[in-house]
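Inspection log for the structure reproduced underneath, given as structure tokens.
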Amino acid sequence: MSTPQTPPVPEASAGPPAPQAASAPASARDTALDPERIARIQEAAYRIRRNSLIQAEVQGQGYIGQALDIADVLAVLFTDQLRLDPLDPESEDRDRFQLSIGHYALALYAALTEAKFFPLEELETYATDDSRFPMSSMRTYTPGVEISGGSLGHGLGIANGVAMGLKRKGSDRFVYNLLSDGELGEGSTWEAAAVAGHHRLDNLIAIVDFNDQQADGKSTDMLSMEPVTDKFEAFGWIARRCDGNDVAAVLAALIELREIQGPRPRVLIADTRLGKGVDFLEDREKLHFMRVEKEEWARAHETLKQSHEALVASPQKDDAR
Amino acid sequence: MSTTTPKLTSGAMSVDIAKEGQRTVAAPLGHALLEAAREDERIVGLSADLAKYTDLHILRDAMPERFYQIGMAEQALLGAATGLAMEGFIPFASTYSVFATRRAYDFLCLDIAEADLNVNMVCALPGLTTGYGPSHQATEDVAILRGMPNLTIVDPCDAIDIQQAVPQLAASDGPTYMRLLRGKVPAVLDEYGYSFELGKATMIREGGDVLIISTGLMTERALEAAAQLEKDGVGVAVLHSPTLKPFDEESVVAALGKGRLVLTAENHSVVGGLFDAVARTLVGRGIGERVTPIGLPDAFLDAGALPTLEDRYGVSTAKIIERIRELL
Ligand SMILES: Cc1ncc(C[n+]2csc(CCOP(=O)(O)OP(=O)(O)O)c2C)c(N)n1
Ligand SMILES: [Mg+2]
């Protein structure tokens, strides 16, 4: 690891910056996003969903609802926004993508596979004995997996340290941390949010998968953290919220959050739909841990294909471009 | 991949520990707690987004006004339990063992144990009862907690232990921690005319050649091993000690000194659990017996399928039998 000769001097005045006038809207919102770019990401999202179904079928059950809901965000990240090299997963020059929610592992393996980290065949080893793809993602098992998940509420704190480390090294790379709406219940998440705001970690982008789902039921019924963007803003963050299943909206938001100037950490609240893309799973009783019967998998693949074809055929929404 | 024999898979949030065809009781904690709550209006339940996975949904659904959903916030869970106990209620708070012991330790220690409040923690996934990996495998929870003054620690074998423990935990004054088995839980000990008594170890069966001092679900495996070995003419006694703290030293000492091969069996790291409790009992009294620990290694365990891992770490019934044969 190359450490710069002279570490940058810590900022003279730590502490959250004084509130500024609302920052100018970033370029991406105004600049029309190239439709081909969006179409390419949508194709990737489709393959990430397919990769997720392949893994979940090995188990017959699991976190398939989450993998389907987050596929659009992961497609934007892993095929557009993140600087990553599958041949050099530990490259000093990479953006750091951290999955705080270990149970979303199958979604991450699906995305890493789409990004050419793994051969397609390996997906079928998901959560089997001696696989590189354990059910909960762990740094010690899988190239490209930056942190160990499983115990929720750890990710954002680690992201702070990595963001600090990158700054010390003079790197202009970003840390992306994907967390869940459930993790907003953990005090550790808000401790970390305060630290990020105080230390002005403007190279940190958090993404919250707001699928309104937790283990015991709907997040908003159980422990409502709304209004979430206001809370992050009060902690010194730049916060945006969008439909997390609209590729164009997610892309625009993530471009904006990377480009926007201002000494603040950034967060995107992505409102997603559990089971997105497979209508009978979207409509099923919302469950953290979903069971899909043997005979349903072929139908799931077929439905996914149809909904993707319908999406591609539909005109792009104006407001997202 | 698809052409080879399918490998075993981890399963996760939904696995039951019962074997196919075994006699089981559904959600024994939930039903026992509901019954206790009907009899004592001070009893309340709380969970940190794991009611459904710790069987507290039985209480939640039957008596919603007696249940608090805290959300996924284990420190706040124990904080709320503390306050309720201070106001004279008897809280049963549930999460997974790893989160109660690792995340919320300080709250448990200072707010609950130091104040000696009647807060009862019921915590699932003790030891190796999930193949999910170290984040969910509470392999060292007893080691963490045995050093905590005032705390009673219970590691039940089966549904019978759990059902009978609940009213006793509620009735005992100070804080308690129970390692919970959830879902379809095996019924084992009723066949032996056994009943649970907080703080007591019980000789479940006698045998002249081997003594297994066991706790938790390892008592079931010890009994299975004993039945198998009996067919080869090896007599195995099983002393079940579901209460790990305070530890029933007298019953252990009474079982020793009979020239038997002595082992401990626990669903926990060999560091800091039952084996250590037995060892300090012996050393403290100057008893020089060799004791062989059967338990989980002092290591972070692999992720994988439970049967694979139970064999790998030597805690399956087959491996217990193998070990005893080696030693005899
Ligand atoms: C610290 C911690 N507490 C509890 C759990 C158990 N658990 C696993 S997932 C989950 C739900 C958390 O909410 P979220 O991540 O939003 O769930 P999802 O959207 O995937 O249903 C819980 C409580 C955990 N893994 N870590
Ligand atoms: Mg959620």
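The values are calculated or read from the model by the stated rules, or taken from the named source; none is laboratory data. Keep in mind it's a predicted model, so treat the numbers as computed, not measured. Because the Cβ atoms are built from the backbone with ideal geometry, glycine has one as well, and the counts that use them run over all protein chains shown. Calculation scope for accessible area: heavy atoms of the full protein, side chains included, ligands and nucleic acids excluded. Shrake-Rupley method; radii C 1.70, N 1.55, O 1.52, S 1.80 Å.
Quick notes on this one:
- The slack in the chain from residue B:279 to residue B:232, taken as 0.36 nm per residue of separation less the alpha-carbon distance, amounts to 14.0 nm.
- Cα-based convex hull volume of chain A per residue, rounded to whole Å³: 132 Å³
- Of the residues B:97, B:113, B:145, the one whose Cα sits farthest toward the positive end of the charge dipole of segment B:24-186, with +1 on the Cβ of Lys and Arg and -1 on the Cβ of Asp and Glu, is B:97.
- Rounded to whole Hz, the Karplus (6.51, -1.76, 1.60) HN-Hα couplings of segment A:123-134, x for glycine and proline: 4, 6, 8, 3, 6, 9, 4, 6, 7, 7, 10, x
- Residue-averaged beta-carbon neighbours from other chains (10 angstrom radius) around B:64-75: 5
- In Å², nearest 10: area of residue A:172 left accessible to a 1.4 Å probe: 110 Å²
- Under 5 Å between amide hydrogens, built in the peptide plane, is the criterion, and for residue A:97 it picks out A:176 among residues at least 5 positions away or on other chains.
- Chain B, relative contact order [Cα under 8 Å, separation at least 6], %: 18 percent
- Sites listed here are trypsin sites (Lys or Arg not before Pro) in segment A:238-318 whose DSSP assignment is loop and whose Cβ has at most 13 other Cβ atoms within 10 Å: A:294, A:317.
- Here the label points at residue A:306 and residue B:271, each 7 Å from Cα along the C-beta direction, are separated by 5.6 nm in the simple model.
- Translational diffusion coefficient (Stokes-Einstein; Kirkwood radius from C-alpha pairs) of segment B:199-327 at 25 °C, 0.890 mPa s, in µm²/s: 167 µm²/s
- Amide H within-cut-off set for residue A:206, under 5 Å, with H built and near neighbours excluded: A:177, A:266, A:267, A:268
- For segment B:114-124, 3J(HN,Hα) computed residue by residue from phi via the Karplus equation (6.51, -1.76, 1.60; θ = phi - 60°) reads 5, 7, 6, 8, 7, 10, 10, 8, 10, 10, 8 Hz, glycine and proline entered as x.
- Across peptide B:208-221, the average count of Cβ atoms from other chains found within 10 Å of a residue's Cβ is 0.
- Each residue of segment B:263-268 is assigned a 3J(HN,Hα), and the resulting list reads 10, 10, 9, 9, 8, 6 Hz, derived from the Karplus form 6.51 cos²θ - 1.76 cosθ + 1.60 (θ = phi - 60°), x at Gly and Pro.
- The H on the amide N of residue B:24, modeled in the peptide plane, is under 5 Å from the matching H of B:187, each at least 5 residues off or on a different chain.
- Only Lys, Arg (+1) and Asp, Glu (-1) charged, at Cβ; segment A:76-161 dipole about Cα centre in debye: 320 debye
- Intensity falloff of the protein assembly as shown expressed as log10 I(q)/I(0), Debye formula with alpha-carbon point scatterers, at q = 0.08, 0.09 Å⁻¹: -0.64, -0.79
- Dipole magnitude for the protein assembly as shown: about 920 debye, using +1 per Lys or Arg Cβ and -1 per Asp or Glu Cβ, origin at the Cα centre.
- When the Cα positions of B:215, B:294, B:256 are compared along the charge dipole of segment B:207-304, B:256 comes out farthest toward the positive end, with charges on each C-beta of Lys, Arg, Asp and Glu.
- Residue with peak Gaussian network fluctuation, chain A [Cα springs, cutoff 10 Å], from A:75, A:215, A:270: A:215
- Proximal aspartates and glutamates to residue B:245, defined as alpha-carbon separation beneath 17 angstrom and excluding residues fewer than eight positions away on the same chain: B:114, B:116, B:140, B:141, B:155, B:161, B:173, B:197, B:266, B:276
- Pairs beyond 22 Å (Cα-Cα), from B:52/B:319; B:52/B:184; B:19/B:319; B:231/B:319: B:52/B:319
- For residue A:294, a cut-off of 16 angstrom between C-alpha atoms picks up these aspartates and glutamates, skipping any fewer than 8 places away in its own chain: A:57, A:124, A:302.
- With N as its number of residues, chain B has a Cα radius of gyration that, divided by 2.2 N^0.38 Å, comes to 0.97.
- FRET efficiency for residue A:93 and residue B:300, using Cβ-Cβ distance with R0 set to 30 Å, rounded to 0.05: 0.45
- Note on the protein assembly as shown: dipole from Cβ charges, positive end direction compared against A:162, B:166, B:31; the farthest Cα belongs to A:162.
- Shape metrics for segment B:57-164, restricted to C-alpha atoms - Rg then Dmax, Å: 13.9, 39
- When you work out D = kT/(6 pi eta Rh) for segment B:1-139 at 4 °C and 1.567 mPa s, using the Kirkwood radius from C-alpha pairs as Rh and the Stokes-Einstein form, the result is 80 µm²/s.
- 19 Å cut-off, amide nitrogen to a point 7 angstrom out along residue A:221 Cα→Cβ, residues in segment B:71-99: B:71-73
- Here the Gaussian network model covers chain A, with springs between Cα atoms less than 10 Å apart; of A:271, A:72, A:88, A:88 fluctuates the most.
- Heavy-atom accessible area order for B:41, A:293, largest first, 1.4 Å probe: B:41, A:293
- Residue among B:191, B:114, B:266 with the largest mean-square fluctuation in a Gaussian network model of chain B, springs linking Cα atoms under 10 Å: B:191
- Each Lys and Arg adds +1 at its Cβ and each Asp and Glu adds -1 at its Cβ; summed about the Cα centre, segment B:199-327 shows a dipole of about 240 debye.
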